[in-house]
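Notes follow the structure.
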Amino acid sequence: MMVLKQIFCNSVLFISYFFTLNFSCISANMIDLKESPKVWPSGLKLKENFISEEEEEKLLDLTVSDPQTLQLKHRTVKHYGFEFKYGSNKVDRNPLPNAIPEEMEPIIKKFVELGITRPNQLTVNHYAPGQGIPLHTDTHSSFEDGIISISLCSDIVMDFMSNDDGRRVSIVLPRRSCLIISQESRYSWSHGITPRKYDVTQAADNGLTVIRRENRTSLTFRKVRTSKCDCTFSRWCDSQLEDSADLSEKTADNIERKHVFHVYDEIASHFSETRHSPWPNVKAFIKSFPVGSLLLDIGCGNGKYLTCSQSLFSIGTDRSKQLLNGLVL
């Protein structure tokens, strides 16, 4: 379907148009979860109006007022029960002094009634309009199957991408809804939120509608794993990859020699033919240094960045002797 808009402004005609082809951002109230395996990954379930407005207010009062939050680039975060370390993508198995608040017990009982394992870890994320979170898969070795997310204050579109073939599905998470990520959707798909202030979604009449994002809080409940993951998605399972991979220092050194060092020595003779121009952003970064600064380029290749600024003292080094023999200075 093609839609045209005509806007007159000071005698100038603006025409905007868009095409809708196989639109994958599907509103939850338009799809029967039991009949949608071709659209959503298996194990992904959404329950609208999971909590009441009164429960939403209580949860907000409980979490938003907590001053002990961590400021990240994309959002503000608070952990209960156990802390998730974003640098290593692992959970710290030393319990935090603050467990999941007792006031959330009625919500947790609803999880149990749905057949979900009782969680012992909670992450509270606060998002301002325009903020998001990159696509990611929760680490297999850290948490059990069954991740639950409750959306407060605002509707949002969450993106899902298959780690196997790159297929994408975008799903509207209504305010006060509960999203359950399990099985395939948990172990072999990534999920995230694109940073933007508006979401374009499919409307009930098969047209399009725009959702304006508001301040949003998400509550993500998990169960910390106490044993290694033995899921059937071994290709993406860090527990099983650690068991099967030989990562001895000697093996790693041999792999690096064969697939890195040897390759660069082999292509050194024609390296500068295709890599002669500095990247503009890197060049601008180097030029931003004060006069007389020392620039040390470790892994300088053909030295193309060493002459970007004549006002610096530049030193370059590289393991490949063949690359150094072809320095472009």
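The values are calculated or read from the model by the stated rules, or taken from the named source; none is laboratory data. Given the structure is predicted, the values throughout are model-derived calculations rather than measurements. Positions of Cβ are generated from backbone atoms using ideal geometry, with glycine treated the same way; all protein chains shown enter the neighbour counts. All accessible areas refer to the heavy atoms of the entire protein, side chains included, with ligands and DNA or RNA removed. Shrake-Rupley method; radii C 1.70, N 1.55, O 1.52, S 1.80 Å.
This table checks each residue for (1) within 23 Å of HIS140 (Cβ to Cβ); (2) surrounded by 13 or more Cβ atoms within 10 Å (Cβ to Cβ); (3) modelled with pLDDT under 90.
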{"position": "GLN68", "(1), (2), (3)": "no, no, yes"}
{"position": "GLU83", "(1), (2), (3)": "yes, yes, no"}
{"position": "PRO95", "(1), (2), (3)": "yes, yes, no"}
{"position": "ILE100", "(1), (2), (3)": "yes, yes, no"}
{"position": "GLU105", "(1), (2), (3)": "no, no, no"}
Condition check for VAL77: part of a strand (DSSP E or B), surrounded by 14 or more Cβ atoms within 10 Å (Cβ to Cβ), out of contact with any Phe, Trp or Tyr (no Cβ under 7 Å at 6 or more places or on another chain) and modelled with pLDDT of 75 or more = yes
Counting only residues in the range 291-311 that are of a type in the set (A, V, I, L, M) and open to solvent by 30 Å² or more (accessible area, probe 1.4 Å), the one farthest from GLU273 (Cα to Cα) is identified as VAL291
Please verify whether the range 120-137 includes one or more residues that are open to solvent by 10 Å² or more (accessible area, probe 1.4 Å), closer than 30 Å to GLN240 by Cβ, modelled with pLDDT of 95 or more and part of a loop (DSSP other than H, G, I, E, B).
-> yes
Subset tally (residues that are assigned to a loop (DSSP other than H, G, I, E, B), closer than 24 Å to SER269 by Cβ and not hydrophobic (A, V, I, L, M, F, W, C)) for the range 295-318 | 8
Condition met for ARG235 (closer than 30 Å to GLY146 by Cα, of a type outside the set (A, V, I, L, M, F, W, C) and assigned to a helix (DSSP H, G or I)) = yes
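Results for (1) at positive phi; (2) at pLDDT 95 or above; (3) of a type in the set (Gly, Ala, Ser); (4) crowded, with 18+ Cβ neighbours inside 10 Å, shown as yes or no for each residue.
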{"site": "GLY146", "(1), (2), (3), (4)": "yes, no, yes, yes"}
{"site": "SER149", "(1), (2), (3), (4)": "no, yes, yes, yes"}
{"site": "PHE160", "(1), (2), (3), (4)": "no, yes, no, yes"}
{"site": "ARG167", "(1), (2), (3), (4)": "no, no, no, no"}
{"site": "ARG176", "(1), (2), (3), (4)": "yes, yes, no, yes"}
{"site": "LEU179", "(1), (2), (3), (4)": "no, yes, no, yes"}
{"site": "ARG186", "(1), (2), (3), (4)": "no, yes, no, yes"}
{"site": "ALA203", "(1), (2), (3), (4)": "no, no, yes, no"}
{"site": "LEU208", "(1), (2), (3), (4)": "no, no, no, no"}
